[in-house]
Protein chains: 2
Amino acid sequence: MPTINDVARAAGVSASTVSYVLSGRRPISAETRARVQAAIAELGFHPHAGARALASSKTNVIALVAPLRVDVNVPVIMQFATAVVTAARAHNHDVLLLTKDEGTAGLERVAHSTMVDALIVMDLERDDVRIPALRRLKQPSVMIGLPADHAGLACVDLDFGAAAKLALTHLAGLGHERIGLVGPSPAVYRRQTTYADRFLTGFLEASAELNLRTLSHPCEPGAAGARECLADLDTDLPGVTALVVHNEEALRPLLDLLQASGRRVPEDISVVAVCPRDVATAMPVKLTSIDIPAHDVGTLAVETVMRLLDGRRVEYTRLLAPELVERDSCREISPTHR
Amino acid sequence: MPTINDVARAAGVSASTVSYVLSGRRPISAETRARVQAAIAELGFHPHAGARALASSKTNVIALVAPLRVDVNVPVIMQFATAVVTAARAHNHDVLLLTKDEGTAGLERVAHSTMVDALIVMDLERDDVRIPALRRLKQPSVMIGLPADHAGLACVDLDFGAAAKLALTHLAGLGHERIGLVGPSPAVYRRQTTYADRFLTGFLEASAELNLRTLSHPCEPGAAGARECLADLDTDLPGVTALVVHNEEALRPLLDLLQASGRRVPEDISVVAVCPRDVATAMPVKLTSIDIPAHDVGTLAVETVMRLLDGRRVEYTRLLAPELVERDSCREISPTHR
DNA sequence: GTTGACTGTCGAAGCGCTTCGACGATGGAG
DNA sequence: CTCCATCGTCGAAGCGCTTCGACAGTCAAC
């Protein structure tokens, strides 16, 4: 591996000149620059990342702390990860992948040993143990999610509260008054994952504002969970005419159950899903849905990191406005149901 | 951030002694070691990764080159990634996540700039452009997949050829003679992704050996693709009594179509799936399946990397034996069908 | 008693880069 | 013509760690 000194020798300049050609931090004559660049190309020189990190205190690596469990929402996690990696590369940064399982120790390890310049943290709980740890780090961090105590920490996410309101407003506009929420699994609520809480809160608020009869119910994974959830909703909210489904995994079994019991979507029951676009369109009935804009959120998280690293100002809380796309799963309620 | 010199001063020893306590490369008296460790703990010292990499030419980071497209097989990719990250951490290594899109340039960037000690490469095509690049690197690499020219490169994967044979042998043992293969999407074949080729080859070989009437057909994504695939199979292989499905995404629509057309699984048609265990058991009929052991493969890939880094011998090609688990989707063919 | 082999520790060199201060050369302002 | 600012380049220091060689001390073997 050639070093900067090899390049300097080949170009007939000093090592510092090569460094300045690379960084552009000092003016270099066009001629010298060309000679240096030729030498770099010819020797196939790549600066040693460790040496660079040591001398400049910059690694050009950001950590992505993601829950790598293989259960719900895998495609969504993947969309976030993809967006983060792509955006990071666009800023000449690489991504170190950490699991959530390592908890606080993982963050501290990579931060204290100066492996990364910044961190992006996913899957936050309301009172996440990682938050105090993040505050202590010298590296900036951006969270995807909105935990309770986020003062001074940058947060980026879909505005799930607004999403819930949007869903209910849409359904109310079509005349629905009895609306059930099929929520994430109880495990998600138990962990107080922030998006679940925020969605539920928005749902309840909008329900009151719009004067609706609503009921929310978590939904265990699998067909059995969907069956139980639907049965409970039917019992406790008889005559329910619309469902808001904030549970990607339950979507398919739910539709199957409705069909099996002879309830047509949207003729007999309307459905609004909160899920990635492609999931909504892959269903037998194309679902009216509110997209989870993983790509936008991931990209925004990286942009925020870069601003932080550059010392520019950032908005500490950025909640993206939800968008509802109408497809084939909602219908104005027929007079007979009123 | 405290440095090794701060620790040395606090413990009343030299920096090199601290280093030897950390690495264990030279004997240190128990007493000194205790003093040093106390100082490390007290100061919260973490060695600077860049400095360490510079001095030792080791980064304790491995690159994972994965296709981060959000299409087929996301959960499987995720399972690989999870296994790799977990296994790497168990060996005190971290994982840098690269996308396949960066192609050869990405590999060279991280390798030449000494960001990683080794690479794990996924989603290989038969004549993958990245292979010559990998050969040129000074870092060792392990491939998940089995490209055409893999001499001297470590490969790890499920033995898809054997998997196809296993599926056919199982079905033949139940008396099936007309068997269709629902393959991956044409795009996967077009890219000559190695698992698809190997499965198909094994399928054709076993088909000849067992004297079966078989037909293979790629399957476009979505319900429409499944419909077309099934229709073609029915036309070109009339009286087909069993399906081997090597396409996770097609599984569900396929079962729906069979049900819709009144063909019961397994009474009228048997199905063997090649997919992760949880996908097979999540179907309405629990599917007899051959598992894709992503966890084992990912772990083995990391183990192989570690052996390579230690200069130990490795088997350059490790194909894991497939295992077929019988569930509820296969049945001995009834005499009327013969 | 020597000798030799360890044991335990230290000092210094060096890994490859960035960055600061210095300095000759150039050129416009006065 | 001077003077000063700017341009373009260089040399040296230093980032924090590992590792090699050296060396004092200990102990068993002869």
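The values are calculated or read from the model by the stated rules, or taken from the named source; none is laboratory data. Everything numeric in this text was worked out from a predicted model, so none of it was measured. Neighbour counts run over all protein chains shown; Cβ positions are idealised from the backbone, glycine included. For the accessible areas, the whole protein counts, side chains as well, though only heavy atoms, and no ligand, DNA or RNA atoms are used. Shrake-Rupley method; radii C 1.70, N 1.55, O 1.52, S 1.80 Å.
Annotation: average projected area of chain A is 20.4 square nanometres, based on the convex hull of Cα atoms across all directions.
Shortest first, in nm, what separates the label point of B:G262 from those of the same position in the other copies (7 Å along Cα→Cβ)? In ascending order, 2.1 nm.
Since only A:V244, A:G262, A:A321 are under comparison, the one whose Cα sits farthest along the positive direction of the charge dipole of the range A:217-338, derived from C-beta charges on Lys, Arg, Asp and Glu, is A:A321. What shape does the protein assembly as shown have by the C-alpha gyration tensor, where a ≥ b ≥ c are the square roots of the eigenvalues, rounded means a/c under 1.5, and otherwise prolate means a/b greater than b/c and oblate the rest? Verdict is oblate for the protein assembly as shown.
Taking a virtual spin label 7 Å from the Cα of A:V325 along the C-beta vector, which residues in the range A:257-297 bring their backbone nitrogen under 11 Å of it? Within reach of a label on A:V325: A:275-282, A:287-293. Counting only Cβ charges, +1 for Lys and Arg and -1 for Asp and Glu, the dipole size of the range A:237-338 around its Cα centre is about 140 debye. Taking Cβ separations below 4.7 Å as the criterion for a possible disulfide partner, the isolated cysteines in chain B are B:C155, B:C275, B:C330. For chain A, find the longest principal axis of its Cα atoms and tell me its angle to the long axis of helix A:294-309, 0 to 90°, nearest 10. Helix A:294-309 sits at roughly 40 degrees to that axis.
The packing ranking of peptides B:308-316, B:92-100, highest mean first, is B:92-100, B:308-316, where packing means the average number of other beta carbon atoms within 10 angstrom of each residue. Computed 3J(HN,Hα) for the range A:212-229, one whole-Hz value per residue from the Karplus formula 6.51 cos²θ - 1.76 cosθ + 1.60 where θ = phi - 60°, is 9, 9, 10, 8, 10, 8, x, 9, 5, x, x, 5, 4, x, 5, 4, 4, 4, glycine and proline marked x. Helix B:160-173 and the long axis of chain B differ in direction by around 30°, with both axes built from C-alpha atoms.
The spacing between the range B:233-271 and the range B:1-22, judged by their C-alpha centroids, is 68 Å. A simple charge model with +1 on the Cβ of Lys and Arg, -1 on the Cβ of Asp and Glu and nothing else charged puts the dipole of the range A:111-252 at about 320 debye relative to its Cα centre. Projected over all directions and averaged, the alpha-carbon convex hull of the range B:1-100 occupies 8.1 nm². Each copy carries a label point for A:L174 at 7 Å from Cα toward Cβ; from one copy, the others' points are 4.1 nm away, ordered from shortest. For the peptide B:294-307, the mean number of other protein chain Cβ atoms found within 10 angstrom of a residue's Cβ is 0. Shielding by partners for peptide A:110-116, expressed as the average number of C-beta atoms from other protein chains within 10 Å of each residue's C-beta, is 6. Dipole orientation for chain B: of the candidates B:A273, B:L300, B:I62, B:I62 has the Cα lying most toward the positive pole (charges on Cβ; Lys, Arg +1; Asp, Glu -1). Per the accessible-area calculation with a 1.4 Å probe, the total area buried between chain B and chain A rounds to 3600 Å².
Put simply, the amide H of B:S329, placed in the peptide plane, has neighbours under 5 Å in B:T288, leaving out anything fewer than 5 places away on its chain.
Net charge of the neighbourhood of A:D328, taken over other residues with C-beta under 13 Å away and scored Lys/Arg +1, Asp/Glu -1, is +2.
Remark: mean inter-chain Cβ contacts per residue of B:96-102 equal 5, using a 10 Å Cβ-Cβ cutoff to other protein chain atoms.
With the full set of protein chains in place, find how many percent of the accessible area of the protein assembly as shown is carbon and sulfur; take the probe as 1.4 Å. Carbon-and-sulfur percentage of accessible area, whole number: 51. Amide hydrogen proximity for A:A63: with H placed 1.01 Å from N in the peptide plane, the residues at 5 or more positions away or on another chain lying under 5 Å are A:L96, A:D117, A:A118, A:L119, A:I120.
Note on chain A: with a GNM built from Cα contacts shorter than 10 Å, the maximum mean-square fluctuation among A:Q37, A:Q259, A:Q139 falls on A:Q37.
Within 10 Å, count the other beta carbons around each residue, average over each peptide in A:167-173, A:83-89, and list them highest first.
Numbers: A:167-173: 20.9, A:83-89: 22.9.
Ranking, from highest mean packing down: A:83-89, A:167-173.
With its label point defined 7 Å out from Cα along the Cα-to-Cβ axis, B:L137 lies at 2.5 nm from the matching points of the other copies, in increasing order. Please check: in the Gaussian network model of chain A (C-alpha springs, under 10 Å), which one of A:G202, A:G24, A:G183 has the largest mean-square fluctuation. It is A:G24.
For the range A:119-126, backbone phi angles converted through the Karplus equation (6.51, -1.76, 1.60; θ = phi - 60°) give residue-by-residue couplings of 10, 10, 10, 10, 6, 8, 9, 4 Hz, Gly and Pro being listed as x. Place +1 on the Cβ of every Lys and Arg and -1 on the Cβ of every Asp and Glu in chain A, take the dipole about the Cα centre, and give the residue among A:A167, A:V121, A:A10 whose Cα lies farthest towards its positive end. My answer, from the dipole projection, is A:A10. Peptides A:317-324, B:106-113, B:244-251 ranked from most to least packed give B:244-251, B:106-113, A:317-324, packing being the mean of other C-beta atoms within 10 angstrom over each peptide's residues.
Across every pair of different alpha-carbon atoms, what Kirkwood hydrodynamic radius in Å does the range A:266-330 reach? Walk me through the intermediate numbers first.
Numbers: mean 1/r = 0.0729 Å⁻¹.
Final number for the Kirkwood radius of the range A:266-330 is 13.7 Å.
Charge tally for A:E125 (other residues, Cβ to Cβ under 15 Å; Lys, Arg +1; Asp, Glu -1): 0. Quick check on the range B:159-299: take the gyration tensor over C-alpha atoms, sort the square-rooted eigenvalues as a ≥ b ≥ c, and tell me if it's rounded (a/c under 1.5), prolate or oblate. The shape class here is rounded.
Both radii are taken from the alpha-carbon atoms of the range A:132-181; with Rh as the Kirkwood radius, Rg/Rh is 1.26.
By how many degrees, between 0 and 90 and to the nearest 10, does the Cα long axis of helix A:30-43 differ from the longest principal axis of chain A? With both axes taken from Cα atoms, the answer is about 80 degrees. Remark on A:C155: its backbone amide H falls under 5 Å from those of A:M143, A:T317, A:R318, a criterion applied only to residues 5 or more positions apart or on other chains, H modelled at 1.01 Å from N.
How large is the Rg to Rh ratio of the range A:4-47 when both quantities use alpha carbon positions and Rh follows Kirkwood? Let's see the in-between values first.
Working: Rg = 8.9 Å, Rh = 9.9 Å.
Ratio value, two decimals: 0.90.
A simple charge model with +1 on the Cβ of Lys and Arg, -1 on the Cβ of Asp and Glu and nothing else charged puts the dipole of the range B:4-47 at about 180 debye relative to its Cα centre. Each residue of the range A:235-246 was assigned a 3J(HN,Hα) from its phi angle through the Karplus curve 6.51 cos²θ - 1.76 cosθ + 1.60 (θ = phi - 60°); the sequence is 5, 7, 9, x, x, 4, 10, 8, 10, 9, 10, 10 Hz, with glycine and proline shown as x. Can you give the relative contact order of the range A:4-47 as a percent, counting alpha carbon pairs under 8 Å and 6+ residues apart? Over the range A:4-47, the number comes to 43 percent.
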